[in-house]
Amino acid sequence: MITHGTASKRTGTLVNRLLALGVPLSTAGGVDRPGIVHRLDAGTSGAMLVAKDDRAHLALGEMFRRHDIDRRYLALVRGHVEHDRFLIDAPLSRERARILVRAATGKKAATEIEVRERLARSTLVEARPRTGRTHQIRVHLSAVGHPVLGDRTYGGAGQDATRLGLVRPFLHSWRIAFDHPIAGERIEVEDPLPPDLAEVLNRARAEG
């Protein structure tokens, strides 16, 4: 589902659904993006933050800029990831529709990776972005030779993805944690794998 409307797509978006439910949404993001503090890549599932008023929206936006919001993603990647934990620190820049690693000219981008489960032909990892660049997790994992399975843009398509029945990237925003910008209380939200990715993971576990 597209997060908000574009010039060519005005219906069937997350914003449309929220407005239809009568949810109050902030206006700080502009008329086309009410409530939207951040987005998920197309094809990525999981938890998102949406602001109901401008005060919360501006505060959450600042928290994102300071990297005070802890976001964790689950990704099934190609191959055997050697190290249990490591940091990918690689600047990124845009070239038309693609994002590329560019050490000299890119913007700073860093992603923490931790192996959750090693399988016969793939590895389940948790990715924690320290920065919030477009396509960051997908590009970083591809750059180290372990693209997200099902990701046609950054090298994760092909027989491995087809064999597992993947029709989208195996990337899921499973946890968001932060201090509420107004009340100050700790908020921790977790979203388990959706049925399609859970089924893919079971297939990957069954591979010999």
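Within the stretch 26-64, the residues that satisfy the criterion of being in contact with a strand residue (DSSP E or B) (Cβ under 7 Å, 6 or more places away or on another chain) and over 30 Å from L166 (Cα atoms) are G29, G35, M63.
Those residues that are aliphatic (A, V, I, L, M) and closer than 14 Å to L201 by Cβ, I need them from the stretch 116-130; list them, please.
L119, A120, L124, V125
Regarding the stretch 78-86, can at least one residue be identified that is assigned by TED's automatic domain parsing to the domain that holds L149, hydrophobic (A, V, I, L, M, F, W, C) and under 17 Å from the mean Cα position of the chain (by Cα)? No - not one qualifying residue is present in the stretch 78-86.
Taking the criterion of being in contact (Cβ under 8 Å) with a residue 24 or more places away in the chain and touching a strand residue (DSSP E or B) at 6+ places or on another chain (Cβ under 6 Å), the residues of the stretch 81-94 that qualify are V81, D84, R85, F86, L87, I88, A90, L92. For the stretch 2-13, the criterion of being among the polar types (S, T, N, Q) and either in the same structural domain as R152 (by TED's automatic domain parsing) or not in a loop (DSSP other than H, G, I, E, B) (or both) is satisfied by no residue at all. Of all the listed residues (E185, E190, E114), the sole one being under 17 Å from the mean Cα position of the chain (by Cα), within 23 Å of H38 (Cα to Cα) and charged (D, E, K, R) is E190.
The values are calculated or read from the model by the stated rules, or taken from the named source; none is laboratory data. Predicted model only: the values in this text are computed from it and were never measured. Every residue, glycine among them, receives a Cβ derived from its backbone with ideal geometry; neighbour counts consider all protein chains shown.
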